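These notes are about the structure you will find just below.
None of the figures in this text is laboratory data; all of them are computed from the coordinates on show. Values in this document were obtained by computation on a predicted structure and should not be read as measured data. So basically every Cβ, Gly included, is an ideal-geometry build from the backbone, and we count neighbours across all protein chains shown.
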Amino acid sequence: MKKILLFIALVFMLTPAFAQAKTVYVAQIEGSITSYTYDQFDSYISAAEEAHANALIITIDTPGGRGDAMQNIIQRIQTSKVPVIIYVYPQGAIAASAGTYIALGSHLIAMAPGTSIGACEPILGYSQNGSIIKAPEKTKNFYIAYIRSLAQASNRNESVAERFITEDLSLTPKEALKYNVIEVEAYDINDLIKKADGMKTKLPVQGKYVKLDLKGAEIVYLHPTLKDQLISYITDPSVSYILLTLGIWALILGFLSPGWHVPETAGAVMIALAIIGLGYFGYRSAGLLLILLAMVFFIAEALTPTFGLFTVAGLVTFI
């Protein structure tokens with residue numbers, strides 16, 4: 001009798017119904033690649049790892065961004081405990097410049113119809129008249145070697161990857177699929193999961209290549225927090241520069257009208273937000289900057305009574 005009960009217990013334990021449910025996590029990245037983008041990637045990957053998800057799909061729509069943030073993101077993807085699929089989505093989205101590198105550093109690349117990938121020639125920024133300031137040859141050669149190494153490691157097309165820089169080449173999904181730059185063209189998330197099921201990752205996950213088991217998986221969407229949405233808004237370069245310009249003018253106005261305190265207070269807050277928006281800090285550093293600014297406001301209120309103006313500014317900045 002005991003043997004029978006033991007046998008039944010073993011059968012139940014080995015039955016698929018008792019196996020862990022399959023899940024695919026889905027997250028979204030939009031806008032320029034900054035230090036905050038790394039924080040978002042890290043948060044999404046960590047959530048998928050904690051849930052032991054079968055895969056994490058990250059949809060991207062980006063014109064590019066900071067090279068240091070891009071490299072940190074790629075390192076985080078390649079040390080992930082779950083396969084990370086980069087999906088250029090929705091229709092009309094792009095994975096330009098840094099977005100292309102991130103895609104090539106992922107375990108699988110997918111694109112929706114009507115999207116594009118490429119245009120990776122490095123630039124230093126824009127001049128006052130709006131013309132592009134190209135990176136020096138030394139920097140360009142570094143990124144050529146880097147993008148080739150990403151393509152080589154994932155057995156993707158090295159020569160086309162190089163042309164993304166040397167010719168500023170861009171590809172449609174069908175072209176990218178034809179030239180072995182991406183693995184899947186999919187209309188939406190469900191179509192991607194269906195097509196990616198059974199495929200092997202282009203890069204190892206924890207030291208070994210993984211055959212994706214996605215059929216029937218539950219889709220779990222990771223939504224950006226209010227903090228993410230605010231950061232996404234102020235990291236728009238046009239918004240950051242507007243905040244910086246307004247902040248400087250507000251400080252000037254404050255210095256020209258001493259005793260009022262409103263312009264310089266608003267100016268300090270706008271300049272702090274602009275610095276954060278330009279992407280020089282991650283979440284933690286930005287939070288520390290705002291806390292320090294709040295402390296300055298509280299001290300200023302104690303030393304220079306302003307009927308609560310600095311207190312309100314300090315509370316707003318702290319929150």
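Some points to look at:
- For the pair Thr166 and Glu49, label points projected 7 Å from Cα toward Cβ lie 3.7 nm apart.
- Computed about the Cα centre, the dipole magnitude for segment 15-115 is approximately 220 debye when only Lys and Arg (+1) and Asp and Glu (-1) carry charge, each at its Cβ.
- Chain lengthening between Phe142 and Gln229 when straightened (0.36 nm per residue, less Cα-Cα): 28.0 nm
- Rounded to whole numbers, the Karplus 3J(HN,Hα) couplings from phi for segment 210-222 are 10, 8, 5, 10, 10, 4, x, 6, 6, 8, 10, 8, 9 Hz, using 6.51 cos²θ - 1.76 cosθ + 1.60 with θ = phi - 60°, and x at Gly and Pro.
- Taken along the Cα-to-beta-carbon direction at a fixed 7 Å, the label points for Val262 and Ser131 span 4.4 nm.
- Three-way shape label, segment 18-74, alpha-carbon gyration tensor, a/c 1.5: prolate
- Computed over segment 14-224, the convex hull of the alpha-carbon atoms projects to a mean area of 11.9 nm².
- Taking amide H as placed 1.01 Å from N in the peptide plane, Ala93 has no amide H partner under 5 Å among residues 5 or more places away or on another chain.
- Segment 109-181-segment 216-244 distance, computed between alpha-carbon centres (Å): 25
- Order by protection proxy (mean Cβ within 10 Å, highest first), peptides 30-42, 227-239: 30-42, 227-239
- For peptides 57-70, 148-161, sequence by mean Cβ density within 10 Å, most packed first: 57-70, 148-161
- Per-residue ³J(HN,Hα) for segment 148-159, Karplus 6.51 cos²θ - 1.76 cosθ + 1.60, θ = phi - 60°, Hz, x for Gly and Pro: 5, 5, 5, 5, 5, 4, 9, 6, 9, 6, 5, 5
- Partners for Lys178 among lysines (Cα-Cα distance below 17 Å; same-chain residues under 8 apart left out): Lys195, Lys202
- The slack between Lys195 and Leu246, meaning 0.36 nm per residue of separation minus the straight C-alpha distance, is 13.4 nm.
- Shape call, segment 125-178: gyration tensor on alpha carbons, a/c limit 1.5: oblate
- Packing order of peptides 243-255, 91-103, highest average first: 91-103, 243-255 (average count of other Cβ atoms within 10 Å over each peptide's residues).
- Residues whose placed amide H lies under 5 Å from that of Val205, excluding near-sequence neighbours: Val210
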